[in-house]
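Take a look at the structure below.
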Amino acid sequence: MTTIGLIRHGSTAWNKEGRVQGHTDNSLDAEGLQQAVLLAERLSTEQWDYIYSSDLLRARQTAEVIAKRLGMEIAGLVPGIREMNAGLIEGTTEQDRVERWGSEWRKLDLGLETPEASEIRGSQAIEELAVKHPGSRILVVSHGAILRSSLRRLIPELNVTVLLNNTSITRITKSDTTWNCELYNCAQHLNK
């Protein structure tokens with residue numbers, strides 16, 4: 001059985017401001033770094049074989065904190081698990097979008113990556129890691145929207161309507177060709 005721990009990166013200033021990040025390469029804020037430290041401490045009590053990260057800075061910084069605590073090297077940066085491309089809405093708040101494009105902005109073509117495209121991209125990247133390291137325990141540090149999209153494709157029956165918390169871990173397992181979710185959006189380490 002292959003186990004994958006899907007981790008959303010720590011918080012950023014844009015998270016707090018309600019700005020869409022997409023492919024914008026933002027860094028963690030002080031709270032985000034502390035969240036990563038708390039998650040790394042939690043993960044240090046578990047056995048993990050590999051850690052991979054999105055190629056965006058906020059995910060890499062989170063992965064670096066975890067890797068250092070676990071005495072590991074980041075095995076690779078995976079563009080397939082970078083956040084969904086938010087097109088013209090990157091860097092905007094809901095208020096900005098309404099002011100620029102009106103309250104029906106979601107109906108406009110603003111260059112956003114489609115849900116189907118992100119589902120395919122993210123799930124393929126996760127499947128490739130499972131094939132590359134069968135029977136291993138793999139941490140994957142990524143982003144909220146792409147992780148939920150990937151899970152929709154890998155485990156269609158899983159309810160992914162709840163947004164993922166910063167540094168939450170979702171643990172999935174693959175046995176033969178079937179994926180199962182053992183843990184969803186767990187951030188208990190932040191309650192310390």
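The values are calculated or read from the model by the stated rules, or taken from the named source; none is laboratory data. Just so it is clear, the structure is predicted and the values come from calculations on it, not from any experiment. Here Cβ is always computed from backbone atoms with ideal geometry, including for glycine, and neighbour counts include all displayed protein chains. Keep in mind that these areas ignore ligands, DNA and RNA; they rest on the heavy atoms of the full protein, side chains included. Shrake-Rupley method; radii C 1.70, N 1.55, O 1.52, S 1.80 Å.
The Cα-based radius of gyration of the range 110-192, divided by its Kirkwood radius, gives an Rg/Rh of 0.97.
Assuming a ≥ b ≥ c are the square roots of the Cα gyration tensor eigenvalues, decide whether the range 1-136 counts as rounded (a/c under 1.5), prolate (otherwise, with a/b larger than b/c) or oblate.
It comes out oblate by the Cα gyration axes.
When the listed pairs LYS132/LYS192; LYS16/LYS132; LYS68/LYS132 are checked against a 26 Å cut-off, the alpha-carbon distance exceeds it for LYS132/LYS192; LYS16/LYS132.
Can you give the alpha-carbon Rg of the range 81-149 over 2.2 N^0.38 Å, where N counts its residues?
1.43
Only protein atoms count toward the accessible area here, which uses a 1.4 Å probe; on the chain, the carbon and sulfur part of that area reaches 49 percent. Computed from backbone phi, the HN-Hα couplings of the range 150-162 come to 4, 5, 4, 7, 6, 9, x, 7, 6, 7, 10, 6, 6 Hz, rounded to whole numbers (Karplus: 6.51 cos²θ - 1.76 cosθ + 1.60, θ = phi - 60°; Gly and Pro given as x). In the range 146-192, inverting the average of 1/r over every pair of distinct C-alpha atoms gives 11.4 Å as the Kirkwood radius.
What is the helix-to-structure angle for 30-43, meaning the angle in degrees between its Cα long axis and the longest Cα principal axis of the chain, kept from 0 to 90 and rounded to the nearest 10? Orientation of helix 30-43: about 30 degrees from the principal axis. Here is the list for the range 25-122: GluC sites (Glu not before Pro) lying in DSSP coil, each with at most 13 other C-beta atoms within 10 angstrom of its C-beta, are GLU46, GLU73, GLU104. Is the shape of the range 26-82 rounded, prolate or oblate, going by the alpha carbon gyration tensor and its root eigenvalues a ≥ b ≥ c, with a/c under 1.5 for rounded and a/b larger than b/c for prolate? Here the range 26-82 falls in the oblate category.
With Cβ to Cβ distances under 10 Å as the rule, what net charge do the other residues near SER11 carry (K, R +1; D, E -1)? Show your work: numbers first, answer last.
Values: positive: ARG8, LYS16, ARG58; negative: ASP29, GLU31.
Net charge in that neighbourhood comes out at +1.
Per residue, the chain exposes 48 Å² of solvent-accessible protein surface, assessed with a 1.4 angstrom probe and all protein chains in place. Relative to the Cα centre, the charge distribution of the chain, modelled as +1 at Lys and Arg Cβ and -1 at Asp and Glu Cβ, gives a dipole magnitude of about 300 debye.
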